[in-house]
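K.L.:
Dropping the structure in here first, questions after.
The values are calculated or read from the model by the stated rules, or taken from the named source; none is laboratory data. Quantities reported herein were computed from a predicted structural model and do not represent experimental measurements. Cβ sites come from the backbone with ideal geometry, for glycine too, and all protein chains shown count toward neighbours.
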Amino acid sequence: MKALRVIVPLIITALLTVMAIFSAIWLTGLVPGGPWAELLKAAIIIFIIGSAVISIAWSAYFTYIIRTTVEKMMPR
């Protein structure tokens, strides 16, 4: 049961990372050519990486809050 504390966040982090990579590849492929294309691609990549980092941090914080709440409610 203690292994779930490690395995579940690792799986979620891996899935979020893979989804971020695939969405970055997909969205940068949609950018039309032109003088601003590289800047737009860089902005898309930075936004997606930032969003992935924020969602991973939020899920870690949410997991921590749930765990501490459950531990306080459980009798010892």
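Each row is one residue, and each column tells you yes or no for (1) more than 23 Å from Arg5 (Cβ to Cβ); (2) under 9 Å from the mean Cα position of the chain (by Cα); (3) in a helix (DSSP H, G or I).
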| position | (1), (2), (3) |
| --- | --- |
| Trp26 | yes, no, yes |
| Gly33 | yes, no, no |
| Phe47 | yes, no, yes |
| Ala60 | no, no, yes |
| Lys72 | no, no, yes |
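K.L.:
Return the residues of segment 63-76 that are modelled with pLDDT under 85 and either surrounded by fewer than 10 Cβ atoms within 10 Å (Cβ to Cβ) or among the aromatic types (Phe, Trp, Tyr) (or both); say none if nothing qualifies.
P.N.:
The answer is Tyr64, Val70, Glu71, Met74, Pro75, Arg76.
K.L.:
Report the residue count in segment 23-62 for those that are within 20 Å of Leu10 (Cα to Cα) and surrounded by fewer than 11 Cβ atoms within 10 Å (Cβ to Cβ).
P.N.:
Qualifying residue count for the region: 5.
K.L.:
Still on this model: Six or more apart or on different chains, Cβ atoms under 6 Å: show the pairs whose first residue is in segment 20-38 and farther than 18 Å from Val53 by Cβ and whose second is assigned to a loop (DSSP other than H, G, I, E, B).
P.N.:
Ala37/Val31
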